[in-house]
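*Asks:* Below is a structure I'd like to ask you about.
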């Protein structure tokens, strides 16, 4: 189903995809129904010699039903999605790696706290446009912006979060597959927006340990 979706390498990506498919099929059915009805009326009530047009003020019952039906659908979707959004947005599980993300025109700065585990100390490491994380570990991102609103987007993680100037927004993910994927900015942020591109590199435990050792041995 929906094979055009990007692959999923996130622990919660399956829940996001389930909600997406549900909304997709609901809107598809409504779209087909509305367009089919429109085409039927277009043909049935077309201008024909000898047929006089009839004025109709509408049908209150149908209008009420058409207002209530989508309202009920929206409420049901909200209830079905609440547990998923609480899991992803409201609570962060025990964290293995924390990275601070600064968005700026037109790059991503990824800051690692170093061996002391604290930010804003001498052993912090800043890497531009390259986020390195271990596989099967919970990664917490502390996201901020140095200038305007940006949007940190990793489709394979089903992760998308705006970054705001003057405000820190936390998010998390756990990747289930090693590899390299793009991190575009999904918010129009200026003339260089289209070139604002970073990369997520998910390492095996051994490779990540080697990467850490190499970075802090300098």
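*Asks:* Report the residue count in region 194-209 for those that are surrounded by 18 or more Cβ atoms within 10 Å (Cβ to Cβ) and farther than 19 Å from residue 109 by Cβ.
*Replies:* Number satisfying all stated conditions: 3.
*Asks:* Further question on the same structure: Just the residues that are closer than 30 Å to residue 116 by Cα and out of contact with any strand residue (DSSP E or B) (no Cβ under 7 Å at 6 or more places or on another chain), please, taken from region 46-103.
*Replies:* Within region 46-103, 87, 88, 89, 90, 91 qualify.
*Asks:* Specify which of the listed residues (191, 173, 152) is surrounded by 18 or more Cβ atoms within 10 Å (Cβ to Cβ), out of contact with any helix residue (DSSP H, G or I) (no Cβ under 8 Å at 6 or more places or on another chain) and either at pLDDT 95 or above or not in a helix (DSSP H, G or I) (or both).
*Replies:* One residue alone meets the criteria, 152.
*Asks:* I've got another one for you. Scan region 155-169 for residues that are surrounded by 14 or more Cβ atoms within 10 Å (Cβ to Cβ) and touching a strand residue (DSSP E or B) at 6+ places or on another chain (Cβ under 7 Å) and jot them down. Before the answer, list the steps.
*Replies:* Going through region 155-169, the residues surrounded by 14 or more Cβ atoms within 10 Å (Cβ to Cβ) turn out to be 155-164, 169.
Answer for region 155-169, where residues must be surrounded by 14 or more Cβ atoms within 10 Å (Cβ to Cβ) and touching a strand residue (DSSP E or B) at 6+ places or on another chain (Cβ under 7 Å): 156, 157, 158, 159, 160, 161, 162, 163, 164, 169.
The values are calculated or read from the model by the stated rules, or taken from the named source; none is laboratory data. Predicted model, so just to flag it, every value in this text is computed and none were measured. Cβ sites come from the backbone with ideal geometry, for glycine too, and all protein chains shown count toward neighbours.
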